[in-house]
Amino acid sequence: MAPAYNNRGNAYSKKGDFDRAIEDYTKAIGLDPKLAAAYNNRGEAYGAKGDRDRASKDYEQAIDFHSQAIQRDAKSAPSWNSRCWDRAIIGQLQEALSDCNQSLDLQPNDADARDSRAFVYLKMAKLEDAIADNIALRLNPSLAASLYGRGVAKLKKGDKDSGNSDIELAKRIERDIADRFQRYGIELKQPSQSPPRTQTSRLHRSPREAVR
């Protein structure tokens with residue numbers, strides 16, 4: 001039942017009904033107090049509502065349970081990747097980078113882990129690395145978060161045309177992508193001479209399904 005509540009919470013979250021999403025994530029946690037995905041997703045929902053304190057606490061809980069999963073299974077690449085992502089969101093960037101690298105040591109061709117590391121590099125202002133690591137777009141050119149992150153990196157490097165093109169395409173795919181990245185600590189400052197139309201929005205990525 002816990003995965004079912006978590007997944008229904010994801011459906012509510014995608015519709016922007018964060019209150020009902022939080023209710024379902026809380027039910028999932030009540031049934032399975034170690035369900036890291038539910039903590040992560042509830043943190044996303046609290047963040048969308050502007051409740052940063054509760055969001056941060058949920059991310060910390062998710063990190064703790066991902067850590068326990070890693071200790072139980074040293075080859076658990078998805079848990080390393082998940083902890084990388086959660087740490088990046090709350091600003092533990094060196095630790096996040098270490099986790100992503102560990103995940104990629106175990107699964108070198110994993111697009112999700114490369115995408116997570118690109119996000120870490122973006123927050124660290126390592127722009128060339130952020131662009132190079134965004135390989136998920138080679139597999140799926142319609143990933144809004146990957147497009148937006150790559151666009152931000154390109155803009156920061158001064159590549160305005162290509163950067164704005166990525167960002168505008170990301171916004172067409174996911175209208176609120178800029179708001180979501182702002183909650184992750186990445187705020188886009190447009191060049192004053194040619195700002196694109198304003199339109200607001202993990203990853204990043206869709207809410208995570210429970211591990212079966």
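The values are calculated or read from the model by the stated rules, or taken from the named source; none is laboratory data. Computed from a prediction, not measured in an experiment: that's the story for all the values here. Please note: Cβ atoms are built from the backbone with ideal geometry, for glycine as well, and neighbour counts cover all protein chains shown.
Among residues that are at pLDDT 90 or above, in a helix (DSSP H, G or I) and under 17 Å from Ser162 (Cβ atoms), Leu122 is included.
All conditions but one from (1) at pLDDT 90 or above; (2) under 22 Å from Lys14 (Cα atoms); (3) touching a Ser or Thr at 6+ places or on another chain (Cβ under 6 Å); (4) surrounded by 22 or more Cβ atoms within 10 Å (Cβ to Cβ) apply to Ala136; the one that does not is (1).
Of all the helices (runs of 4 or more DSSP H) wholly in region 1-115, which have at least 1 residues that are modelled with pLDDT of 95 or more, of a type in the set (A, V, I, L, M) and under 28 Å from Ala130 (Cβ atoms)?
On the way: elements: 2-14, 18-31, 36-48, 52-72, 77-90, 93-106.
Correct list: 93-106.
Selection within region 14-47: residues that are closer than 21 Å to Ala88 by Cα and of a type in the set (Gly, Ala, Ser). The member of this set that is surrounded by the fewest Cβ atoms within 10 Å (Cβ to Cβ) is Gly47. Scanning region 45-68 for residues that are among the acidic types (Asp, Glu) and in contact with a Ser or Thr (Cβ under 7 Å, 6 or more places away or on another chain) gives no hits. Can Ala36 be described as within 24 Å of Lys15 (Cα to Cα) and under 17 Å from the mean Cα position of the chain (by Cα)? Yes; evaluated as a whole, the condition is true for this residue. Taking the listed residues Gly158, Gly151, Gly91, Gly50, the one that is crowded, with 23+ Cβ neighbours inside 10 Å and either in contact with a strand residue (DSSP E or B) (Cβ under 9 Å, 6 or more places away or on another chain) or not acidic (Asp, Glu) (or both) is Gly151, with no other qualifying.
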